[in-house]
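Structure first, commentary second.
The values are calculated or read from the model by the stated rules, or taken from the named source; none is laboratory data. Quick caveat: nothing in here was measured; it's all calculated off a predicted structure. Neighbour counts run over all protein chains shown; Cβ positions are idealised from the backbone, glycine included. Ligands, DNA and RNA are excluded from the accessible area calculation, which covers all protein heavy atoms including side chains. Shrake-Rupley method; radii C 1.70, N 1.55, O 1.52, S 1.80 Å.
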Amino acid sequence: MRSDSSNSGPSGSAVRWPLLPVTSTRFDIIVIGAGIAGLTSALALRETGCSVAVLDRGEPGAEASWAGGGILCPLYAWRYPPAVLAVAVAGMRRYPALLASLDSGIDPERMVTGMRILDPIGADETRDSITATLSGVGIRHEWQPGTAGESLWLPEVANVRNPRLLDALLETARAQGVALFPQRAAQGVEIHSGRVDAVRTATGTLRAERVVVAAGAWSEAFIPGLRAGSLFPVRGQMLRVEPRAANGLDHIRMKDNVYLIPRVDGSVVVGSTVEHAGFDKTVDDDAQVGLHDAACRLWPALAEAAVTHRWAGLRPGSVDEHPVLGEHPEIDGLWVNTGGFRNGLAMAPATADLLAALMTGQPTALDPAPYRVERLLAS
Ligand SMILES: Cc1cc2nc3c(=O)[nH]c(=O)nc-3n(C[C@H](O)[C@H](O)[C@H](O)COP(=O)(O)OP(=O)(O)OC[C@H]3O[C@@H](n4cnc5c(N)ncnc54)[C@H](O)[C@@H]3O)c2cc1C
């Protein structure tokens, strides 16, 4: 059994990136971070005609975006603030078009399986309040009776296989002329006279008109003036089981915050913990046993399945659980796209569109106000 957080991945990700020579040291836009937020931002910005470079301090797409479950809908969607739900739903609706636009030959294995939530009604919630919220954002749902009690069935929910999606985005970015710099940590953003000038790395300085901070849980270091504790990592542990025989699980199934995700190859991903443990990605046995036990209660056939992988990732959390997106109010050219927390994969196409629209002065499909950086700055 694998017990690590290496990027060989729950799906056996195929693409690895060579260290490119720097052929240009000046770009219109440098994106710091090659996770889902950085790569979708880079593609959306490249489409506007800008020259775009993406730096990652490690292998691109190997942090939270690799580690996540790939469910393209918020879990317990009705429990999120309206502005979080709005951007997540916009993202999930955009996925088919995003995937169709990728130019890579890599199939991200998007599967519309539906999601069944057992015991969905929490304290202070009613069937009517849940229905009203889901209907309000157009998430189709049905209340269904069953032997284990009434469940909520969301027939349109899909999942993707994260490492394959990240590889497809990377290939497409490369094909579209985005300059990718793996193993090139940004050490700081140089600011002169109140505007962005360059990004410093150990092997040289890359100049840019504008910089997008999309460094996930590590973003805080690049955003001057944040109140302490505004952005932080939230660890999530997961495991994958490979059933020896067909297990019959054909939908995402969830109860008490534990979910099962069937993959195209018959394996099942089980998630996830929500832990405030700093930047520690340790996989711990107690949490893993807890996840596995809950998974077997949810779908007893999984008790026969071998656990093949265990891993942890660091979600980019924000103090009010909203994404952080927009230009720094005191530094011209310093832009931010982070804070996806538990829904960063689902919302990425929508946050990238919003960022590109704001950066090019186009009308936005969503009101950007709730995501602005200024709400997190010390006054
Ligand atoms: C266990 C788990 C389950 C999840 N399940 C789901 C789900 O089912 N659906 C969903 O929508 N979301 C899910 N999420 C959340 C989602 O994965 C994240 O919100 C999303 O991946 C965040 O993407 P990101 O690009 O902001 O961050 P990341 O993917 O972490 O990318 C940030 C990148 O920045 C790079 N970086 C950091 N510092 C520097 C530096 N100094 N210089 C250059 N690069 C740097 C990192 O190396 C990294 O590649 C889950 C997360 C976890 C951990």
The condition of being part of a strand (DSSP E or B), open to solvent by 20 Å² or more (accessible area, probe 1.4 Å) and in contact with a strand residue (DSSP E or B) (Cβ under 7 Å, 6 or more places away or on another chain) holds, among 189, 196, only for 189
Per the list (1) under 26 Å from the mean Cα position of the chain (by Cα); (2) assigned to a strand (DSSP E or B); (3) among the small types (Gly, Ala, Ser), residue check on residue 177 breaks on (2)
For segment 125-168 the number of residues that are at pLDDT below 95 and either under 15 Å from residue 80 (Cβ atoms) or loosely packed, with under 13 Cβ neighbours inside 10 Å (or both) is 5
Filtering strands (runs of 3 or more DSSP E) wholly in segment 295-379 for at least 1 residues that are open to solvent by 10 Å² or more (accessible area, probe 1.4 Å) and of a type in the set (Phe, Trp, Tyr) gives 334-338
Any chance segment 126-139 includes a residue that's under 24 Å from the mean Cα position of the chain (by Cα) and assigned to a strand (DSSP E or B)? no
Matching residues in segment 229-264 (surrounded by fewer than 22 Cβ atoms within 10 Å (Cβ to Cβ) and without any contact (Cβ under 8 Å) to a residue 60 or more places away in the chain) number 6
Only one of 83, 62, 53, 34 is part of a helix (DSSP H, G or I), touching a residue at least 12 places away in the same chain (Cβ under 8 Å) and open to solvent by less than 30 Å² (accessible area, probe 1.4 Å), namely 83
Here the qualifying pairs (Cβ atoms under 7 Å; residues six or more apart or on different chains; first in segment 304-317 and touching a residue at least 60 places away in the same chain (Cβ under 8 Å) and more than 17 Å from residue 341 (Cα to Cα); second away from the ligand (no atom under 16 Å from the Cβ) and in a strand (DSSP E or B)) come out as 305/242; 306/242; 308/242
Those residues of segment 60-85 which are touching a Phe, Trp or Tyr at 6+ places or on another chain (Cβ under 9 Å) and within 20 Å of residue 136 (Cα to Cα) amount to 72, 74, 75, 83, 84, 85
Any residue that is open to solvent by 50 Å² or more (accessible area, probe 1.4 Å), touching a strand residue (DSSP E or B) at 6+ places or on another chain (Cβ under 8 Å) and assigned to a strand (DSSP E or B) - is there at least one of those in segment 212-226? no
| message | When you scan segment 99-108, do you find a residue that is within 14 Å of the ligand (Cβ to nearest atom), part of a loop (DSSP other than H, G, I, E, B) and more than 25 Å from residue 294 (Cα to Cα), even just one? | response | yes
